[in-house]
Amino acid sequence: MPDAPAINLHTLIGELPRITGRRAKLLHRLEIESVSDLLRHIPARYEFEEAESTIDKLLPGVIGSARGEVAACRWVGGYGKKGRFEATLVDDTGRLHLTWFNARYLIDRIHAGDTLRVQGKVKMFLNNPQMANPRFEVLSEEQEEAAERGQYLRPIYPTTEGLPSRFIEQLIADVLPRVAGELVDPLPAKLVKHHEMPALAEAFRMAHRPGDEDEAAAARRRLAYNEFLLLQLGIAMKRAFVHRKLHAPALKINEAIDQHIVDRFPFKLTAGQRQVINEIAADLGRDRPMNRLLQGDVGSGKTVIALYAMLAAVASRKQAALMAPTQLLAEQHYLSIGRMLEGSRLSIELMTSSSSERRHDADLIVGTQAILSEIEAMKNLAVIVIDEQHRFGVMQRAAFRSFRGQEKGLVPHHLVMTATPIPRTLGLTIFGDLDVSTLRDMPPGRTPIINRVVGPEKADEVYRYLRQRVERGEQAYVVVPAIDAPGSASESAPVLRSVAEHVKLLQNKYFRGQGLRVAAMHGRLKAETREKIMARFRAGEFHVLVSTTVIEVGVDVPNATLMVIEHAERFGLAQLHQLRGRVGRNADNRRSLCVFIASPTTESAEQRLKAIASTGDGFKIAEQDFEIRGMGEFFGTRQAGTPPLRIGKLPEQMDLLLLARRDAQQLIEADPALNDNSHQLLRKVLMHQFGQALGLIDVG
Ligand code: ADP
Ligand code: MG
């Protein structure tokens, strides 16, 4: 039985020799499941290692390191594990004796003539230095040359507690030479040559064990390019598939229909709205499914655009559905669309998880994600609108699910709306298969919101001012981070109050008398209760609404011109922007005000608050959010649809992404499903790496 069992790229990490259960768990935490993942776990940076001492300088009793050539080596023992592996290392100054106990596997790792770097505790025996069980590495030729020049670059790996970077380094040094032969480049050789990039196996070697910094940089570029190219190929392939294979009902929209729809709206469309509607109308008129993302800042007027697409479906005697992220928003859409359609014969159905009876044949269906599970039953569905999807994962899944398994029939047109624009870089990655429309103008009569960030010591002043304005007939939101307040406040930390406590404080301290009324709003209230409260707030019966983030999206009460956000340091940037979008919806000349009460304790919290105060532009906010948080966090967890990039870094490597995108488009133009024989490996690797994230399973 060989001691070093055969391994390949798919070998699971737990099956590698000397990987304990604990270590495997730690590696899993780094999302390393297989040898292939391990190799793609590339160093975060490199450090110059101090030069080793020569053998004659090794001191007994201390840990030393040396580099030399293996003059001789042998296994002393039998075929079992018991025994020792011995080697003699020589340099110009002397000989060093090395012993590893019970390490038969070294037979395959260390050979006479190899250059070795060793580190261990030095003992002297008859004036000769020795090390027992030293750490070691076999140096490549390049490393040897680099070491000669006195510059050794040690890779420093991203890691997690309990798993030293050195351990990962050693593991990769162990594994890489054993699978190097398997690292067949899936990319067409022509491309690699054209870009003058190193071969794949070489790139992995250079990333993990670079001779110098240039090598490391070239390797990272090559490996990132591979990732980007695969991702872009996946996107281009999916797009080609949608165009070729999927069909949707063509909705013809003539002038009369257009006029009829627009007449329903209580205002004149802005130029921006008109333009987006034209783009959408053109899509809907085709017999392949629209797959369009509409991004427009909070309050830019996306709802009527959605309604236009929906009514276009109805005009062709089809159904349309509108899916909102929260029950509150679904209810509000249901009511406001109902108002706009008053007097028509259209049927509208509200479909949420709490609606008891579900009618599938209504003309318009408005609801929450509950709609998704009912889509099959909506036989006539021609348009589905997904509103306020700034939770990208949901957006992805939603869009994919309704495409799945419908190859034979017709699929509905898709319109996804978001107030959190996707940073340009990301737009090119996982959302590259969406067409994008952007609303840049605001409906008339808007004045920009005034933003103020203040410390908690100013809260009293803020609420006094709030009261003055509320007394003059304006309304206000007060947003708190949580329904309940965990524990009581300490001297140092500012008070964190529950919703109920906040209501009490305002009611008793600031809003005594004069019939000023404060209401509470949060997710634990029953849907009907929430809707009633919103209706009364809208009607002016309540003057202040103390709420959690349930009002984050869509809530539209023009007379509410003031917002106070407590503990603003606890909210994400996009969330803060969404929240403040609830004010500034009045068409008169009262300036809306948003006050962020905050005591930031981290640098990123400070950055967020600075960003929110410095611009009201949602597009800029999205870019800054992306920069502050980086890609991983921007998306939330992986399951939520992160583009699974391990090596490629965005936005830093934008140029490389664009290059890969161009290359991918050319490849797919020539071979839309990568069926060509020369593309088989490419296709396989693509499916393996990005199939799931991109929903390519369907493309099959
Ligand atoms: P969002 O893009 O945030 O979903 P909404 O569709 O809710 O924005 O629109 C915000 C407000 O602007 C609503 O009160 C809506 O009635 C109003 N509105 C939208 N379009 C126009 C327009 N063209 N002219 C005047 N008011 C408009
Ligand atoms: Mg909206």
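The values are calculated or read from the model by the stated rules, or taken from the named source; none is laboratory data. Keep in mind that this is a model prediction, so the values were computed, not measured. Using ideal geometry, Cβ is built from the backbone for each residue, glycine included, and neighbour counts are taken over all protein chains shown. Note: areas computed on protein heavy atoms with side chains; ligands, DNA, RNA excluded. Shrake-Rupley method; radii C 1.70, N 1.55, O 1.52, S 1.80 Å.
Among the protein heavy atoms of the range 450-615, carbon and sulfur supply 49% of the accessible surface, probe 1.4 Å, non-protein parts ignored. If only the Cβ of Lys and Arg carry +1 and only the Cβ of Asp and Glu carry -1, the dipole of the range 450-615 around its Cα centre is close to 520 debye.
E474 contributes an accessible area of around 10 Å² to the protein surface, as traced by a 1.4 Å probe with all chains present. In this structure the range 248-381 gives 43 Å² per residue of accessible area when probed at 1.4 Å with all protein chains present.
Note on K121: accessible area approximately 130 square angstrom, rounded to 10, probe 1.4 Å, nucleic acids and ligands left out. Length available on full extension from A670 to I450: 0.36 nm per residue minus the Cα-Cα distance, which gives 73.9 nm. Straight-distance candidates among the lysines for linking to K268, with alpha-carbon spacing under 21 Å and chain neighbours fewer than 8 residues away dropped: K302.
Taking a span of 30 Å or more along the helix axis (Cα atoms) and a mean Kyte-Doolittle hydropathy of at least -1.0 as the rule, the DSSP H helices of the chain that qualify are 213-245. Mind running the shape call on the range 50-151? Use the C-alpha gyration tensor, a ≥ b ≥ c as the square roots of the eigenvalues: rounded below 1.5 for a/c, prolate if a/b tops b/c, oblate otherwise. Since a/c reaches 1.5 but b/c is at least a/b, the shape of the range 50-151 is classed as oblate.
Using R0 = 41 Å, the C-beta based FRET efficiency linking D484 and S344 works out to 0.40.
Projecting each Cα onto the charge dipole of the range 471-623 (Lys/Arg +1, Asp/Glu -1 at the beta carbon, about the Cα centre), which of L506, T602, I565 comes out farthest on the positive side? Selected residue: L506.
Lys and Arg at +1, Asp and Glu at -1: add these up for the other residues within a Cβ distance under 10 Å of I7 and post the number. Walk me through the numbers on the way to the answer.
Numbers: positive: R178; negative: E15, D174, E182.
Taking every Cβ under 10 Å from that of I7, the sum is -2.
The stretch between T99 and R244, if pulled fully straight at 0.36 nm per residue, gains 45.7 nm over its current Cα-Cα span.
Among R244, R178, the sequence by solvent-accessible area, most first, with a 1.4 Å probe is R244, R178. To check you understand DSSP bridge types, tell me what percent of the beta bridges within the chain (both residues inside) are antiparallel, rounded to 5. Rounded to the nearest five, the antiparallel share is 40 percent. Under the combined filter of DSSP loop state and at most 15 neighbouring Cβ atoms within 10 Å, the range 46-108 retains these GluC sites (Glu not before Pro): E50.
Placing unit charges on each Cβ (+1 for Lys and Arg, -1 for Asp and Glu) gives the chain a dipole about its Cα centre, and among G234, A320, A216 the Cα reaching farthest toward its positive end belongs to A320. Taking a ≥ b ≥ c as the square roots of the Cα gyration tensor eigenvalues, the range 450-615 comes out rounded, since a/c falls below 1.5. Expressed as a whole percent, the accessible surface of the range 50-151 that belongs to carbon and sulfur atoms is 49, based on a 1.4 Å probe. Extension gain, D617 to A500, is 38.8 nm, computed as 0.36 nm per intervening residue step minus the present C-alpha separation. Net charge of the neighbourhood of R359, taken over other residues with C-beta under 12 Å away and scored Lys/Arg +1, Asp/Glu -1, is -4. Under a model in which nothing but the beta-carbon of Lys, Arg (+1) and Asp, Glu (-1) is charged, the chain shows a dipole of about 2060 debye around its Cα centre. Spherically averaged projected area of the convex hull of Cα atoms, the chain: 38.1 nm². Summed over the residues of the range 50-151 and divided among them, the accessible surface reaches 57 Å² per residue at a probe radius of 1.4 Å.
Label-to-label distance for A256 and A199 is 7.0 nm, based on points extended 7 Å past Cα in the beta-carbon direction.
Shape class for the range 12-84, computed from the alpha carbon gyration tensor (a ≥ b ≥ c): oblate, with a/c not under 1.5 and a/b at or below b/c. Dividing the summed helix terms, -39500 (n - 2.57) for each DSSP H run of n ≥ 4, by the number of residues in the chain produces a 222 nm estimate of -11000 deg cm²/dmol to the nearest 500. A 1.4 Å probe over all protein chains sorts W100, W75 by accessible area into W75, W100, starting with the largest.
Using the Cβ-Cβ distance between I19 and R154 with R0 set to 30 Å, the FRET efficiency works out to roughly 0.85.
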